[in-house]
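Trainee: Dumping the structure here so I can ask a few things about it.
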Amino acid sequence: MKEFMIRDIKFGDFEDLIDTYYSYYAEIKENPELGITLFRKMPSLGSEVDWFRDLYKEKLNGNRIAVVAEADGKVIGICEIARNRPGSEVDHIGRLGIAIRREYRSKGAGKMLMEEALRQSKGKFEQIILEVFEGNTAAIKLYEKMGFREYGSLKNAIKRSGKYIGHKLMYLEMGKAKE
Ligand SMILES: CC(C)(COP(=O)(O)OP(=O)(O)OC[C@H]1O[C@@H](n2cnc3c(N)ncnc32)[C@H](O)[C@@H]1OP(=O)(O)O)[C@@H](O)C(=O)NCCC(=O)NCCS
């Protein structure tokens with residue numbers, strides 16, 4: 001088993017996270033099944049700075065959980081849970097996203113990241129929801145292991161290079177949150 005360090009995101013993780021994110025744009029050329037929704041064009045570094053600033057701000061505001069996995073001295077994956085429309089009547093729900101760099105998959109990091117993100121979600125979110133590509137067996141198995149259940153699906157949710165992929169919708173009950 002590979003050694004991973006699981007910890008909260010730090011301000012200094014920006015470069016590693018962007019490098020990892022950009023690696024998915026390289027990967028998709030060889031792996032068209034990649035289970036992450038990407039932009040049609042690779043976002044500029046400037047828009048990535050905006051993404052990171054928002055993520056960090058929302059974490060400080062208590063509206064985001066962001067846990068990273070480190071291996072070989074760099075960040076190679078992230079699991080985020082974002083509060084649904086903060087300040088609204090649906091803000092007891094968190095939306096989960098997770099991705100690990102290709103070379104580090106299927107070595108236990110995904111499970112460790114999710115365990116930590118879900119641990120931090122207790123008392124914060126009452127339900128966690130996510131969308132997963134219907135053929136993404138590794139992700140679906142991981143989510144089921146963590147207790148997620150399917151509540152629906154959406155055909156043709158993704159349009160990638162002219163081909164359609166369906167989404168499976170999943171949820172996890174977390175119990176009451178602190179007011
Ligand atoms: C989905 C993802 C986060 C899982 O993380 P991971 O580190 O690869 O998974 P882990 O090694 O922790 O394995 C956790 C469980 O997932 C399942 N799994 C992992 N890799 C698998 C594979 N190649 N085939 C089938 N199941 C697999 C297994 O059930 C495994 O549990 P087990 O080891 O007890 O059998 C990761 O593969 C990834 O980043 N994929 C690309 C991005 C993506 O699809 N993100 C999800 C968007 S919804």
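The values are calculated or read from the model by the stated rules, or taken from the named source; none is laboratory data. Bear in mind the structure is a predicted one, so any value in this text is a computation, not a measurement. For neighbour counting, all protein chains shown are included, and Cβ atoms are generated from backbone atoms with ideal geometry for every residue, glycine included. Quick note on the areas: whole protein, heavy atoms, side chains included, nothing else; ligands and nucleic acids left out. Shrake-Rupley method; radii C 1.70, N 1.55, O 1.52, S 1.80 Å.
Trainee: Which residue, Asp19, Asp72, Asp91, has the most motion in a Gaussian network model of the chain that connects Cα atoms within less than 10 Å?
Mentor: Asp72
Trainee: Taking the chain as a Gaussian network, Cα atoms linked when under 10 Å apart, which of Ile65, Ile76, Ile36 shows the biggest mean-square fluctuation?
Mentor: Comparing Ile65, Ile76, Ile36 in the GNM, the peak value goes to Ile36.
Trainee: Continuing with the same structure: Mind checking the range 30-81 for GluC sites (Glu not before Pro) that DSSP puts in a loop (not H, G, I, E or B) and that have at most 15 other Cβ atoms within 10 Å? Walk me through the intermediate numbers first.
Mentor: Working: sites: Glu30, Glu33, Glu48, Glu58, Glu70, Glu80; in loops: Glu33.
When the GluC sites (Glu not before Pro) of the range 30-81 are filtered for loop state and at most 15 Cβ neighbours within 10 Å, Glu33 remain.
Trainee: Counting only protein heavy atoms and a 1.4 Å probe, tell me what percentage of the chain's accessible area is made up of carbon and sulfur.
Mentor: Details: 5300 of 10520 Å².
About 50 percent, which is the carbon plus sulfur part of the accessible surface.
Trainee: Identify which of Arg40, Arg83, Arg160 has the largest mean-square fluctuation in a Gaussian network model of the chain, with springs joining Cα atoms closer than 10 Å.
Mentor: Highest fluctuation of the listed residues: Arg40.
Trainee: Would you be so kind as to identify which of Met5, Phe39, Leu96 lies farthest towards the positive end of the dipole of the range 5-127, taking Lys and Arg as +1 and Asp and Glu as -1 on Cβ and the Cα centre as origin?
Mentor: Towards the positive end, the residue furthest out is Leu96.
Trainee: Moving to a separate point now. With the crude spin-label approximation of a point 7 Å out along Cα→Cβ, what separation in nm comes out for Lys163 versus Lys145?
Mentor: 2.7
Trainee: Once you compute Rg and the Kirkwood Rh from C-alpha atoms, what is the Rg to Rh ratio for the chain?
Mentor: Numbers: Rg = 15.9 Å, Rh = 17.0 Å.
Answer for the chain: 0.94.
Trainee: Work out the charge dipole of the chain with +1 on the Cβ of Lys and Arg and -1 on the Cβ of Asp and Glu about the Cα centre, then indicate which of Ile65, Gln120, Tyr164 is farthest towards its positive end.
Mentor: Farthest towards the positive end: Tyr164.
Trainee: Can you tell me the length gained on complete extension of the stretch Glu103 to Asp54, counting 0.36 nm per residue apart and subtracting the Cα distance? If you can, show how the numbers build up before the last one.
Mentor: Numbers: separation 49, 0.36 × 49 = 17.64 nm, distance 2.78 nm.
Extra length available between Glu103 and Asp54 comes to 14.9 nm.
Trainee: What accessible surface, in Å², does a 1.4 Å probe find on Ser44, ignoring ligands, DNA and RNA and rounding to the nearest 10?
Mentor: Counting only protein heavy atoms, Ser44 exposes about 70 Å² to solvent.
Trainee: For the chain, what's the relative contact order in percent, using C-alpha pairs closer than 8 Å and at least 6 residues apart? If you can, show how the numbers build up before the last one.
Mentor: Details: 272 pairs, mean separation 34.8, N = 179.
After rounding, I find 19 percent.
Trainee: To continue, here is another question. So what's the back-of-envelope 222 nm ellipticity for the chain, counting only DSSP H runs of four-plus at -39500 (n - 2.57) apiece and dividing by all residues, rounded to 500? List each step's numbers first, then the result.
Mentor: Working: 4 runs with 55 residues, N = 179.
My calculation for the chain gives -10000 deg cm²/dmol from helical runs alone.
Trainee: What whole-number value in Å² describes the accessible area per residue of the chain for a 1.4 Å probe?
Mentor: Per-residue accessible area for the chain comes out at 59 Å².
Trainee: Using amide H atoms built 1.01 Å from N in the peptide plane, name the residues 5+ places from Ala99, or on other chains, whose amide H lies under 5 Å from its own.
Mentor: Ile78
Trainee: Can you work out the FRET efficiency for the pair Glu3 and Glu27, with r the C-beta to C-beta distance and R0 = 25 Å, to the nearest 0.05? Mind showing how you got there, number by number?
Mentor: Values: r = 23 Å, r/R0 = 0.93.
For R0 = 25 Å, the calculated efficiency reads 0.60.
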